[in-house]
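Notes to accompany the following structure.
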There are 2 protein chains.
Amino acid sequence: MLVCHALSGSHHIAGCYEDRPNSDGWWENMVGPGKPIDTNRFFVVGVNNLGGCYGSTGPMSVNPATGKCYGADFPLATVEDWVAAQARLADRLGIDCWAAAIGGSIGGMQALEWTLQFPERIRNSMVVASTPRLSAQNIAFNEVARQAILSDPDFHGGHYYEHGVVPSRGLRLARMIGHITYLSDDQMADKFGRQLREGKLKFNYEAEFQIESYLRYQGDKFTGFFDANTYLATTKALDYFDPAAKYGGDLRAAMARAKADFLVVAFSTDWLFQPTCSYEMVYAALHNGLDVTYVEVDSTAGHDAFLLDNPYYHGAVRAYMERITT
Amino acid sequence: MLVCHALSGSHHIAGCYEDRPNSDGWWENMVGPGKPIDTNRFFVVGVNNLGGCYGSTGPMSVNPATGKCYGADFPLATVEDWVAAQARLADRLGIDCWAAAIGGSIGGMQALEWTLQFPERIRNSMVVASTPRLSAQNIAFNEVARQAILSDPDFHGGHYYEHGVVPSRGLRLARMIGHITYLSDDQMADKFGRQLREGKLKFNYEAEFQIESYLRYQGDKFTGFFDANTYLATTKALDYFDPAAKYGGDLRAAMARAKADFLVVAFSTDWLFQPTCSYEMVYAALHNGLDVTYVEVDSTAGHDAFLLDNPYYHGAVRAYMERITT
């Protein structure tokens, strides 16, 4: 089966490198022997998406035409392109048909896209915390994140590698904005509230509230391992994805081609991709006579819930996986 | 009566300058002869808050100690400081007691603060689309906006005036983030949806979707008239405001001093300061035996609704004003 990653993920889903004991994969709690996605039963394939910064050809790769990094000249890949590239990998691996494809967030878009672009090559599509299209508000957040990077003087039109710099100010802001949208209002209140770092106000621009400190830390950390051009391009792929657009916005018509069974999972406090986005996919699948299981998990964790341990969520994935025959 | 302004407002509430026919005030639809706040009945006072950039002493003022602009050395003023300054203005004007103070958003915080700091000097407090304290999510959005400005190379530690530049990249991003939080998800969907500017995708980083174009326009426009140091300081005042903090978080105890009657107005789709924030003020006022009128206006316009024309909202303010005796 195929596991598709989200914005900052990679092909490294689970397990650690022999010489690096802390190198866990991003979905360690979901994938492994005896886990909900049980590697004792399934051969699990992870792919770094085209344009990524963890090994796939992308903006950091050398452009043979110039002998320099592609940078901003690397073509913008869409969710459709990612899935087409994954299909070519499947060809190479001799996989005619996946037992299942699963992904959260943008990963879920890929799991959906597989059923549309290659309906004969996927038996089960597991779409978690995802949406069939971004809303204006979703695009707005992506656009501010992009503008933060594009307007960073160290961006150099996307050719910062040649200047020996990275647009870290912009990438940091982009990640901070992202983190606000990944957490629910309630969870932020529970986790940070109005707690101060040092017990009293300082009346300056240092981090005074715990939430400020958290966001700065997340932003700083991200600039150390993620590429700004990949960030830009990935948010564009997100914005563009809209399989219903060719059908006048009718997802039911777009999904008429699909043949897979579906598991659709949404989280109650996910305000980035709200449960209503999942309803639309469930409705379109049902309309086309497809077998669809929908689980709405009560969780305070917002969009991030798809990465976290939750007995109802993991139980649902486990139960769904158990009914898939190999 | 006193009208308190929000983040980007000023003392110029209504009316235009004789020689500038398009110089309308920011609350033209609310304040004027025959309007809900009827200047035929009330003498209306507008103040530019301390630290502002429209005339009050602020970061752009000359620091007599150095002969240069204060810049980042201008002390951070709190909502309490603003109200204290307004009280000194009232002294100078010979106003012992306001018939009413009204404000939306941060303006509402000032209307509330008046009842706590000067309970004998205000008869009616009209708190619109406001909150008795910011949530962690609110602070998070402010913090990203501040980091955008603080990390702009043109910020120069807040002394950009001396360098003949303004941190326009950062201020632009701050305003874009702000605009996302002022509009509701639904209104963004209605107003912009996934509409493209030129009918087709361009696969580059130009503004492709209408919402991108809108945000860039709003961001660019803002940098032309607003000062970045004032923006920073105002978001800090917002973050700090929390009259209940001294009472273990109990707003009922904090409001025991208040004597004014209250009109509290919230808007159904305001996700920045949700109606639940208003409930807390209403509950605390009731608990203290105060006369409180609460209006929750059904509106798709999000937080921005407090600036817009709406018959229920304006009708409620008008009706409340009519019962105030002069």
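The values are calculated or read from the model by the stated rules, or taken from the named source; none is laboratory data. In this text the structure is predicted, and so the values were computed from the model without any measurement. As a convention, Cβ positions derive from the backbone with ideal geometry for all residues, glycine included, and neighbour counts pool all protein chains shown. Accessible surface areas use protein heavy atoms only, side chains included; no ligands, DNA or RNA. Shrake-Rupley method; radii C 1.70, N 1.55, O 1.52, S 1.80 Å.
Out of all DSSP beta bridges in the protein assembly as shown, what portion is antiparallel? Express it as a percent rounded to 5. Could you put the intermediate results ahead of the total?
Values: 6 of 52 bridges.
Here the antiparallel bridges make up roughly 10 percent for the protein assembly as shown.
Between B and A, buried accessible area summed over both sides at probe 1.4 Å, in Å² to the nearest 100?
4400 Å²
No solvent, one uniform scatterer per C-alpha: report log10 I(q)/I(0) for the protein assembly as shown via the Debye equation at q = 0.06, 0.08, 0.11 1/Å, two decimals.
-0.37, -0.65, -1.12
Within 14 Å, Cβ to Cβ, of A:Phe241, how many net charges do the neighbouring residues add up to if Lys/Arg are +1 and Asp/Glu are -1?
-3
Decide, for region B:1-124, between rounded, prolate and oblate: order the square roots of the alpha carbon gyration tensor eigenvalues as a ≥ b ≥ c, take rounded if a/c falls under 1.5, and otherwise choose prolate if a/b is larger than b/c, else oblate.
Judged from the Cα gyration tensor, region B:1-124 comes out oblate (a/c at least 1.5, b/c at or above a/b).
Take chain B, connect every pair of alpha-carbon atoms lying under 10 Å apart with a spring to form a Gaussian network, then pick out the residue of B:Leu116, B:Leu286, B:Leu183 with the largest mean-square fluctuation.
B:Leu286
With a ≥ b ≥ c taken as the square roots of the eigenvalues of the C-alpha gyration tensor of region A:88-207, please select rounded if a/c is under 1.5 and otherwise prolate if a/b is larger than b/c or oblate if it is not?
Note, shape of region A:88-207 comes out oblate.
Would you please give the residues with an amide H less than 5 Å from that of B:Leu263, counting only those at least 5 places away or on a separate chain, with H modeled from the backbone geometry?
Close amide H contacts, sequence-distant or interchain: B:Ser125, B:Met126, B:Val127, B:Thr293.
Give the value in nm², to one decimal: projected area of the alpha carbon convex hull of chain B, averaged over all directions.
Values: hull surface 74.2 nm².
Its average projected convex-hull area is 18.5 nm².
Using a Gaussian network for chain B with springs between C-alpha atoms less than 10 Å apart, which of these wobbles most: B:Ala136, B:Ala145, B:Ala90?
B:Ala136
Restricting to Cα pairs below 8 Å that are 6+ residues apart, what does the relative contact order work out to for chain A? Please round to a whole percent.
On the way: 594 pairs, mean separation 63.7, N = 326.
It rounds to 20 percent for chain A.
Sketch the reach of a paramagnetic label on A:Asp73 as a point 7 Å from Cα along Cα-to-Cβ, and name the residues of region A:224-267 whose backbone nitrogen lies under 20 Å away.
Once the point is set 7 Å along Cα→Cβ of A:Asp73, A:228-234 turn out to lie under 20 Å by backbone N, inside region A:224-267.
Rounding to the nearest 10 and keeping the result within 0 to 90°, find how far the Cα-based axis of helix A:210-223 lies from the longest principal axis of chain A.
On a 0 to 90 degree scale, this one is about 70.
Tell me, how many Å apart are the Cα centres for region A:93-111 and for region A:272-293?
Their Cα centres are 17 Å away from one another.
If you put a point 7 Å past Cα along the Cβ direction, how far is that point for A:Leu93 from the same point in each other copy, in nm, smallest first?
In nanometres, ordered from closest: 7.2.
Suppose a student asked you for the relative contact order of region A:167-326, using Cα pairs under 8 Å spaced at least 6 residues apart; what percent would you report?
Worked out over region A:167-326, it gives 24 percent.
Using a/c under 1.5 as the rounded threshold, could you call region B:8-54 rounded, prolate or oblate? The axes a ≥ b ≥ c are square roots of the C-alpha gyration tensor eigenvalues, and prolate needs a/b larger than b/c, oblate otherwise. Display every interim value, and only then the final one.
Numbers: a/c = 2.20, a/b = 1.31, b/c = 1.69.
Cα axes put region B:8-54 in the oblate bin.
Defining the label point at 7 Å along Cα→Cβ, can you sort the distances from B:Arg323 to the same site in each other copy, shortest first, in nm?
Output for B:Arg323: 5.8 nm, nearest copy listed first.
What are the residues whose amide H is under 5 Å from the amide H of B:Cys69, where those residues sit 5 or more places off or on another chain and H is modelled from the backbone?
Placed amide hydrogens put B:Asn63 under 5 Å from B:Cys69.
Using 1/(1 + (r/R0)^6) with R0 = 22 angstrom and r between the beta carbons of B:His287 and B:Glu28, what's the FRET efficiency to the nearest 0.05?
That gives a FRET efficiency of 0.05.
Please list, in chain and number order, the residues 5+ apart from A:Asn48 or on another chain whose amide H is under 5 Å from its amide H, with Hs placed from the backbone.
A:His11
Could you give the length gained on full extension between A:Arg323 and A:Arg41, defined as 0.36 nm per residue of separation minus the Cα-Cα distance, in nm? Numbers along the way, then the final one.
Values: separation 282, 0.36 × 282 = 101.52 nm, distance 1.17 nm.
Between A:Arg323 and A:Arg41, full extension yields an extra 100.3 nm.
Rounded to the nearest Å, what's the spacing between the alpha carbon centres of region B:208-261 and region A:125-140? Just the number, please.
With region B:208-261 and region A:125-140 each reduced to a Cα centre, they are spaced 29 Å.
Leaving out ligands, DNA and RNA, and with a 1.4 Å probe, what % of the accessible surface on the protein assembly as shown is carbon or sulfur?
51 percent
Could you provide, to the nearest whole Å², the per residue accessible area of the protein assembly as shown with probe 1.4 Å?
Values: 25750 Å² over 652 residues.
Counting only protein heavy atoms, the per-residue value for the protein assembly as shown is 39 Å².
Measuring from a point 7 Å out along Cα→Cβ, what nm distances, shortest first, does A:Ser61 have to its partners in the other copies?
Spacings between copies for this position, smallest first, are 6.0 nm.
Can you work out ³J(HN,Hα) from phi for every residue in region B:199-208, in order, using Karplus 6.51 cos²θ - 1.76 cosθ + 1.60 and θ = phi - 60°, giving whole Hz and x for Gly and Pro?
x, 8, 6, 10, 6, 8, 9, 5, 5, 9
Using the Karplus curve 6.51 cos²θ - 1.76 cosθ + 1.60 with θ = phi - 60°, work out ³J(HN,Hα) for each residue of region B:52-64 in order, rounded to whole Hz, and write x for Gly and Pro.
Result, rounded to whole Hz: x, 10, 10, x, 6, 4, x, x, 7, 6, 7, 7, x.
Restricting the count to DSSP beta bridges whose residues both fall in chain B, what percent are antiparallel, rounded to a multiple of 5?
If we restrict to bridges inside chain B, about 10 percent are antiparallel.
Applying 1/(1 + (r/R0)^6) with R0 = 41 Å to the Cβ-Cβ distance of B:Cys97 and B:Ala189, what FRET efficiency is obtained, to the nearest 0.05?
Efficiency, from the Cβ-Cβ distance: 0.35.
Please report how far the C-alpha centroid of region B:163-183 lies from that of region B:66-89, rounded to the nearest whole angstrom.
About 22 Å separates the Cα centre of region B:163-183 from the one of region B:66-89.
Quick one: 3J(HN,Hα) in Hz for region A:156-169, Karplus 6.51/-1.76/1.60 with θ = phi - 60°, rounded, Gly and Pro as x.
Listing the rounded values in order: 6, x, x, 10, 5, 4, 5, 9, x, 10, 10, x, 6, 4 Hz.
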